[in-house]
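Student: Have a look at this one.
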Amino acid sequence: MKLRGVGQRLSIIFALILGISLAPATFAAAPKAGGICTKAGATAVSSGKKFTCVKSGKKLIWNNGTTIVPVAIPTPTPTPTPTPTPTAAAPAPYPSTSSSAAPNTSSTSSSGSGGGNNSSNNNQQQSSTFALGQLGATCSKEGELGWNGLLVGVCKSGKVRYALATDVPATPVGGYKTRPTWYPTLAQVLGGPGAVEPSCAPNSIKFTKPVIPLDKMAASIPYGMMVSGHVTPIDHAYLAPSTLAISPANRTESDWVPVTAPGDGTIIELSSLGAPNTSRVVINHGCNLYSVYMVLNKPSGVLANYVSELASKGSVSLSIKVKAGDEFGRQRDNMLDFNVFDGTQWLSGFANPQAYLSQDAWKPYTADFLPFFSDDIRSGIEKWMQKTTSPRTGKIDWDVIGTASGNWFIDGTNGYGGNQNSLYEKASSQIGGGFVEGKNEYSWGHLAIAPHEVDNSQWIFSTGWWSDPKGDAAQTLMIIGSGQVAPDKLTATSGAVTYQLAQISYEEPAGSPTRSAGSTAPWAVGYKVISGANKGSVTLQVNSDGSLSVEIGTTGKRIYRR
């Protein structure tokens, strides 16, 4: 067996972290063309235009914006391929991370699914008419919740305000099995104010082509990785091209691998993530199904003519019809972030869905992508997924109400966006995502206590605030000692429990390929997580009000909420 510590990580992983941190925010602040912005690749909608934060010389500014035009997607003709029965199959692991280092994998970032708790809700419909006016507008029905075309608002004291956690109904025991009526539909989240609700179901769609040629794939990372500033389980997978086994210095033009549409659809977005060779592409497959690709190295094929426009604008709104197998990109130097969103599915393992309205509102719609592929392609992809247990594509929703398991946010903040509740309470304009004034990362206040994405037998303590209150993200392995309960069994009756923490290290299966010098390939399929150097301790206590008290070493107690 091969033992590998995080100290052996490769520099390419920082491209992964970069790509992840540059993912565009769901709801961005109202911008002005030429105005200063803070995060390359961030997007914002204002006055019918979508603006992107781009680099101009040494500054970051908002571009001129592109007009949002609602795209009517025709209902695709269902293929005759039968829907495969989900199975747990072959091996699958990836590189992991620790408090002092990141995983041994290649770079990438995007959004993805977290199988396991998806519940079908195919008959769900929501009118796209707006229940409330814009922020600050007059309203009459106290406590009314509704989508106003850009965000979920609430009527408070006769004015439309941001809906905070205390404004939405309490989550039912066991979590929401379907979308709560106050939460925006996927079409509204991804389609903006002009969204039109589809009438067909995603299960009528079949992916008949691979994203990356199956003979050009390598071990790939499932949903759920926790690494660096991506503190909570990531909502996308990382598909690895085999070229990562080649030292970067030895890669040639002939090593580029085509990236193709897995099914028919319409490309609706091409945007830059702010760094060279990092693009984002969104395909609307119709019937409430979207696929998203990030850290794409080179737009090509049907997107080749838009490279110059992308360079000048930073983001291009498109309506390009594609067929399964049509090339739209090329990949060579890092993993490709890939995920699928299904507007009729809902992840029930998020104890407080409202927490994701401030950023990444698509997250509860993350879907297992394997069942959408035809059987032969599905089995070819499964062969390369590092996770060998079900669900092969991983899982992101680990909240268990009443226990320590899952995602948490520092007390007083409005969930995933990281800003204080007080900033939202009187806001009269949209508050941007992806940036928190005075903090190093939007995820400074995030906390996740969840199983490792590949080796679910091991628990990871992932925090955006290790010792610096401005944010210094770290991931460590939790050592569940003799007689100690696992985090998903730690309740208010357990009292305060102190867990030892360790550096995350990896053990590859016997017979795994030997890495050549300079290889940036991820860990082999089926690797295991083992403990490395001691990283101190953390004391956890679930409180009677459902909050979580956390003390890392002797840094002082903090309170987190869902």
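The values are calculated or read from the model by the stated rules, or taken from the named source; none is laboratory data. Predicted model, so just to flag it, every value in this text is computed and none were measured. Backbone-built Cβ (ideal geometry, glycine too); neighbour counts: all protein chains shown. We work out accessible area using only protein heavy atoms, side chains counted, and drop any ligands, DNA or RNA first. Shrake-Rupley method; radii C 1.70, N 1.55, O 1.52, S 1.80 Å.
Student: Of all the C-alpha pairs in the stretch 408-562, what % are more than 19 Å from each other?
Tutor: Tail of P(r) above 19 Å: 61 percent of Cα pairs.
Student: Just order 304-310, 464-470 by mean Cβ neighbour count inside 10 Å, highest at the front, would you?
Tutor: 464-470, 304-310
Student: Based on the alpha carbons, how large is the Rg to Rh ratio for the stretch 369-452 when Rh follows Kirkwood?
Tutor: 1.15
Student: Tally up the carbon and sulfur contribution to the accessible surface of the stretch 232-349 as a whole percent, 1.4 Å probe, everything protein left in place.
Tutor: Summing carbon and sulfur atoms, their accessible area is 49 percent of the total for the stretch 232-349.
Student: Can you pull the three principal axis extents for the Cα set of the stretch 214-279, in Å, largest first?
Tutor: Principal extents (largest minus smallest coordinate, Cα): 36, 32, 27 Å.
Student: Rounded to the nearest 0.05, what FRET efficiency do residue 197 and residue 144 give with R0 = 22 Å and r taken as the Cβ-Cβ distance? Could you check?
Tutor: Efficiency for this residue pair is about 0.60.
Student: List the equivalent ellipsoid semi-axes of the stretch 300-404 in whole Å, largest first, each obtained as the square root of 5λ for an eigenvalue λ of the Cα gyration tensor.
Tutor: 30, 22, 13
Student: Something else about it: What whole-number value in cubic angstrom gives the convex hull volume per residue for the C-alpha atoms of the stretch 257-298?
Tutor: On the way: hull volume 2.6 nm³, N = 42.
Value for the stretch 257-298: 62 Å³ per residue.
Student: Within 10 Å, count the other beta carbons around each residue, average over each peptide in 167-177, 427-437, 258-268, and list them highest first.
Tutor: Details: 167-177: 14.1, 427-437: 19.0, 258-268: 23.3.
Top to bottom by mean Cβ count within 10 Å: 258-268, 427-437, 167-177.
Student: Taking H placed 1.01 Å from N in the peptide plane, check which residues at least 5 places from residue 537 or on another chain put their amide H under 5 Å from its amide H.
Tutor: 501, 553
Student: Right, another one. I want the local charge near residue 395. Using Cβ-Cβ distances under 14 Å, sum +1 for each Lys or Arg and -1 for each Asp or Glu among the other residues.
Tutor: -4
Student: Still on this structure, I have one more. FRET efficiency for residue 423 and residue 401, Cβ-Cβ distance as r, R0 = 30 Å, nearest 0.05?
Tutor: The calculated FRET efficiency here is 0.65.
Student: Considering every pair of different Cα atoms, what Kirkwood radius, in Å, is found for the stretch 481-562?
Tutor: Its Kirkwood hydrodynamic radius stands at 15.6 Å.
Student: P(r) for the stretch 345-417: what percent of alpha-carbon pairs falls in each 5 Å bin, starting at zero?
Tutor: With 5 Å bins starting at 0, P(r) equals 3, 14, 20, 20, 15, 12, 10, 5, 1, 0.
Student: Then there's this: Using R₀ = 30 Å, calculate the FRET efficiency as 1/(1 + (r/R₀)^6) where r is the Cβ-Cβ separation of residue 216 and residue 533; round to 0.05.
Tutor: 0.25
Student: Also, I was wondering about something else. Relative contact order for the stretch 150-227: what percent, with Cα pairs under 8 Å and sequence separation of 6 or more?
Tutor: Once normalised by length, the contact order is 18 percent.
Student: Which whole-number value in Å³ per residue fits the convex hull of the alpha carbons of the stretch 155-309?
Tutor: That works out to 208 Å³ per residue.
Student: Could you sort 272-284, 192-204 so that the peptide with the highest average Cβ count within 10 Å comes first and the rest follow in order?
Tutor: Ranked by mean Cβ neighbours within 10 Å, highest first: 272-284, 192-204.
Student: At q = 0.15, 0.16, 0.17, 0.26 Å⁻¹, what base-10 log of I(q)/I(0) does the Debye formula yield for the stretch 416-469 when every alpha carbon is treated as an equal point scatterer in vacuo?
Tutor: One equal scatterer on each Cα of the stretch 416-469 leads to -0.56, -0.61, -0.65, -1.00.
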